[in-house]
Amino acid sequence: MTQQLAPHATPRRHSLEQLDLWVALGAIVLPVTMTWLYLYSSEPALTGILYPISRIIEFAFPAIWVWLILKHPFKLMKPSLKGLGLGVAFGIIIAELMLILYFGFLKHTPALAETPAAVHATLLRFNVASLPAFAAFAAFITVFNSSIEEYFWRWFVFGRLKAAKGFTFAIIAATLGFGFHHVLILNTFFEPQYFWSATMVFCALISTGGAIWCWMTHNTGSVFAGWVSHIIIDAGAMLIGADMLIPYWKELAL
């Protein structure tokens, strides 16, 4: 039986809506691929070039697809106070647990023995070789990078998948993509023998956070609460990174 189009739909519009699901699923590959390129390239100098390119692509691709191709209204989710208290509370609780876990239990464990050196080496790939540069980098990751991730993963990937296949499918697919993206990042900070006991454990926790941010976006109609939560948690992560860099502060201060 031939599928009937809505009276206002055109064949091109109908085909684009069908393609929407596959575009959103395919978009998951973008940050994964770019992360692989800028962190695992044999040429460290490329990291400082490829990273900003990756962020430009992650911003431009959803905009081009949603606004220029699908021709949906040119608007993002407006900031909303709905759920903001929950977002702040979740961010503070998780950041506090991260700091307690690190300073109280993990800092001097074998799993983190090589992590400070790996963090330092990664920063050098980003041309972060001074204290002002680290402060600027930490602020960028905490505020701007978190906004790009909420825009890309929650507004675009989760939002388009939810429109195409519903909430359950969307939150599972977006969470898995967000988690795998962070596997590549965290894998650079741990020795191979700690892949399952450290890298994958922390990525599972990050994925859980991603799922909660999807849920917040779904229930509030805005990425704002999740973004504020994301900022607080990333700030906690930057404090841990700063502590790991203490042995390198003198070098970074030159």
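Looking at Lys75, Lys71, can you tell me which residue is modelled with pLDDT of 75 or more and not in a helix (DSSP H, G or I)? First the steps, then the outcome.
Numbers: Lys75 fails: modelled with pLDDT of 75 or more.
So the residue among Lys75, Lys71 that is modelled with pLDDT of 75 or more and not in a helix (DSSP H, G or I) is Lys71.
Sub-8 Å Cβ pairs linking a first residue in region 104-119 that is open to solvent by 70 Å² or more (accessible area, probe 1.4 Å) to a second residue that is outside any helix (DSSP H, G or I) and aromatic (Phe, Trp, Tyr), at least 6 apart or interchain, are Glu114/Phe190, ordered by first then second residue. Of the residues screened, Trp215 is not one that is of a type in the set (Phe, Trp, Tyr), at pLDDT 95 or above and within 28 Å of Thr47 (Cα to Cα).
Could you please let me know if Phe169 is open to solvent by less than 10 Å² (accessible area, probe 1.4 Å) and either touching an Asp or Glu at 6+ places or on another chain (Cβ under 6 Å) or modelled with pLDDT of 95 or more (or both)? Lay out the reasoning, then the answer.
On the way: open to solvent by less than 10 Å² (accessible area, probe 1.4 Å): no; either touching an Asp or Glu at 6+ places or on another chain (Cβ under 6 Å) or modelled with pLDDT of 95 or more (or both): yes.
It is false that Phe169 is open to solvent by less than 10 Å² (accessible area, probe 1.4 Å) and either touching an Asp or Glu at 6+ places or on another chain (Cβ under 6 Å) or modelled with pLDDT of 95 or more (or both).
Would you mention how many residues in region 129-154 are surrounded by fewer than 20 Cβ atoms within 10 Å (Cβ to Cβ) and either over 13 Å from the mean Cα position of the chain (by Cα) or not hydroxyl-bearing (Ser, Thr, Tyr) (or both)? Qualifying residue count for the region: 16.
If you take just the helices (runs of 4 or more DSSP H) that sit entirely in region 179-254, which of them hold at least 2 residues that are surrounded by 17 or more Cβ atoms within 10 Å (Cβ to Cβ)? Please lay out each step first, then the result.
Values: elements: 200-220, 224-244, 249-252.
In region 179-254, the matching helices (runs of 4 or more DSSP H) lie at 200-220, 224-244.
Number of residues in region 134-166 that are among the small types (Gly, Ala, Ser) and in contact (Cβ under 8 Å) with a residue 12 or more places away in the chain equals 6.
The values are calculated or read from the model by the stated rules, or taken from the named source; none is laboratory data. Because the structure is a prediction, the values reported are computed rather than measured. Because the Cβ atoms are built from the backbone with ideal geometry, glycine has one as well, and the counts that use them run over all protein chains shown. To get the accessible areas, we keep the full protein, side chains included, count just its heavy atoms, and leave off ligands, DNA and RNA. Shrake-Rupley method; radii C 1.70, N 1.55, O 1.52, S 1.80 Å.
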